[in-house]
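Here's the structure we're looking at; comments come further down.
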Amino acid sequence: MASDMSGGAPSDSVQCPVCFKDFTSDAINGHLDVCLLESDADSGPPMKKFCSEAAGDHHTAPSGVFTMFHSNKGKSSHQNETNTSSANKQAGGGAFNKGVKRSFPAEVQAEPECSGTRKRTDGQTLNATPTLSLRALITLNKPLAEMLRPNTMEEYFGQSKVVGEQTLLRSLLDCQEIPSLILWGPPGCGKTTLAHIIASTSKKKGTARFVPLSATSTSTAEVREVIKQAQNELRLCKRRTILFIDEIHRFNKSQQDTFLPHVECGTITLIGATTENPSFQVNAALLSRCRVLVLEKLSVEAMGSILDRAVAALGINVLDRDQANPERSDDQADGNEPRVYIEQKALDTIAYLCDGDARTGLNSLQLAVQAQVSLTQSGLTGRDGSTQEILVKEEHIKEGLQRSHILYDKAGEEHFNCISALHKSMRGSHENAALYWLGRMLEGGEDPLYVARRLVRFASEDVGIADPFALPQAVSAFQACHFIGMPECEVILAQCVIYLSRAAKSVDVYMAYKNVKACLRTHKGPLPPVPLHLRNAPTRLMKQLGYAKDYKYNPAFSAPVEQQYLPEELQGIDFFTWTPSEG
């Protein structure tokens, strides 16, 4: 595609590989989309026909001229190409067109219709709310969270600290200067949604192509194929590739190394999403090439905005809020579709109980509405022919949103966070906080014996000799938990936690032994020998060598005995006050 071939074309022009005309780098992507569609009217792309005729071979197609548009590496016969082209013409598109479009997710290609703007009660504007119908909600086997996935930053709620109006990242996103990112946050906080917003914006502006993959179902070979396509796309069309890897922590270290050189040279812009701490789950070399964005749990206010957008999309009226707007109620009734109302308390219940998970909140709303509509589906119209009204109440939401578990990863970072909080709360003698963190762990499915073992350690480390009964109390709690298990043992652990929280604290034992270890590790030269008078002498030879000589048997004396018990080099040391710097 050198400019010399075009006969005086500008130095920054790019030649179209289909029609051989020259275009600027800004216009080539838009032209390609049109040119490739027009080329489907013929039996094949002009370049492919030209190569076949020049070679004089009408039975074997040339090796992939445009490999960036191919999903496989194999060669196909001319007959197969003709059959494929004919089949695609009947379906309304060509094989070449499929090759171009396949890199974009379906969510980006088909954007939902919008019903304009809508004002919330708090004054916030909900822009471009997608319009859905209750019939689609019931018949389509698709979660509401997926159907209402935002496509713009204006619809993206709850992460203003990271992508707010005045943040650096928001400025980079607006100007399409997207760095490689690792999105870290709990489930349902908006990691995948943020990636799809970036994809939607990139597609509209034509600055990049977006390829979504999941580490749970993608092989290393598939990743290499996408990277090869990205190299061709960058070389031929001057268009970057944004590669989104969901659950990137599922890739092992060697698989993550595949991205390193291509992220480094800018062939791909990597966006990885993970619920695990990237410090532990992502290669340090890859982590240094990406910016980590920490997304937080969604607040109750953010969940309220998301739910308001959902009920607006479904045309559901909120009692005591939308009754003042009868136009919405009239517009909402469509044919035989019922009028659906929801209590404001029901929406508040979802916002408070979904634990900051937008996916859980939206799908719970969908479940409650579907259930109530299905119950009355046999009689959607009354005797007078009027459309029946359905009310979704707070108890319906609670029934569908039964929290059978608390978000707690027994093998991940939350496991260590909670046990650390429990330990430090007991150390600070805050029994209420200690009980709370104990409950978080047990209700989240933690092994009670693990907690009991930590309490035994705490009894010596933080209580120690200040309360000699603390250790027997902790050991007894461990044995009781081993005997009866959950859920009966939870009160035993609670009793032990309260006892240890209220007990007097002393770290003398812990600090003294810590100093002993430091003394041994920092000692220079051979360790000093055990004094002869402290050694046992079971044989005659040992006695002749002076073992146990002049040892004073303490019970034989009525007064304290003056005797050396430490090696000569350590005489006078006090491990309760000694520090390694003094050694």
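The values are calculated or read from the model by the stated rules, or taken from the named source; none is laboratory data. Quick caveat: nothing in here was measured; it's all calculated off a predicted structure. Don't worry about glycine lacking a Cβ; one is built from the backbone with ideal geometry, like all the others, and counts go over all protein chains shown. Just so you know, the surface numbers come from the protein's heavy atoms only, side chains and all, with ligands and any DNA or RNA stripped out. Shrake-Rupley method; radii C 1.70, N 1.55, O 1.52, S 1.80 Å.
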Convex hull (Cα only) mean projected area of region 149-299, reported in nm² to one decimal:
8.5 nm²
Nearest-0.05 FRET efficiency for residue 564 and residue 508 at R0 = 22 Å, using Cβ-Cβ distance, is 0.40
Could you order 355, 320 by accessible surface area, starting with the largest, using a probe radius of 1.4 Å?
320, 355
What full-extension length gain, to one decimal in nm, is calculated for residue 457 and residue 413 as 0.36 nm per residue of separation minus the Cα-Cα distance?
13.8 nm
Kindly provide the Kirkwood hydrodynamic radius of region 175-227 in Å, to one decimal, from all pairs of distinct alpha carbon atoms.
12.8 Å
Solvent-accessible area of residue 465, probe 1.4 Å, all protein chains present, reported in Å² to the nearest ten, please.
110 Å²
Can you pick out the pairs among 505/552; 203/228; 514/549; 297/398; 161/205 whose Cα atoms lie more than 28 Å from each other?
505/552; 514/549
In whole percent, and with a 1.4 Å probe on the protein chains, what portion of the accessible area of region 494-583 is carbon and sulfur?
58 percent
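Order 557, 157, most accessible first, counting only protein heavy atoms with a 1.4 angstrom probe. Please report the intermediate quantities before stating the final value.
Working: 557 100, 157 25 Å².
From most exposed to least exposed: 557, 157.
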Whenever you get a sec, line up 399, 233, 490 from highest to lowest accessible area (probe 1.4 Å, protein heavy atoms).
399, 490, 233
With the 8 Å Cα cutoff and a minimum separation of six or more residues, region 141-288 has a relative contact order in percent of 26 percent
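Given a Förster distance of 25 Å, report the FRET efficiency between residue 447 and residue 355 from their Cβ-Cβ distance, rounded to the nearest 0.05.
Efficiency computed from Cβ-Cβ geometry: 0.65.
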Size of region 136-200 as Cα extents on the principal axes (Å, biggest first):
42, 24, 20
Taking every pair of alpha-carbon atoms in region 429-583, give the share separated by more than 20 Å as a whole percent.
66 percent
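Going by average Cβ density within 10 Å per residue, which order do the peptides 167-179, 18-30, 466-478 take, highest to lowest?
Values: 167-179: 13.5, 18-30: 15.6, 466-478: 17.2.
Top of the packing list down: 466-478, 18-30, 167-179.
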Efficiency by 1/(1 + (r/R0)^6): what FRET value for residue 250 and residue 391, r their Cβ-Cβ distance, R0 = 60 Å, to the nearest 0.05?
0.90
Probe 1.4 Å - accessible area at residue 510, Å² to nearest ten:
80 Å²
Environment charge of residue 563, counting only residues whose C-beta is closer than 12 Å and scoring Lys/Arg +1, Asp/Glu -1:
-1
Mind giving me the nanometre distance, one decimal, between the label points for residue 541 and residue 277, set 7 Å out from Cα along Cα→Cβ?
5.5 nm
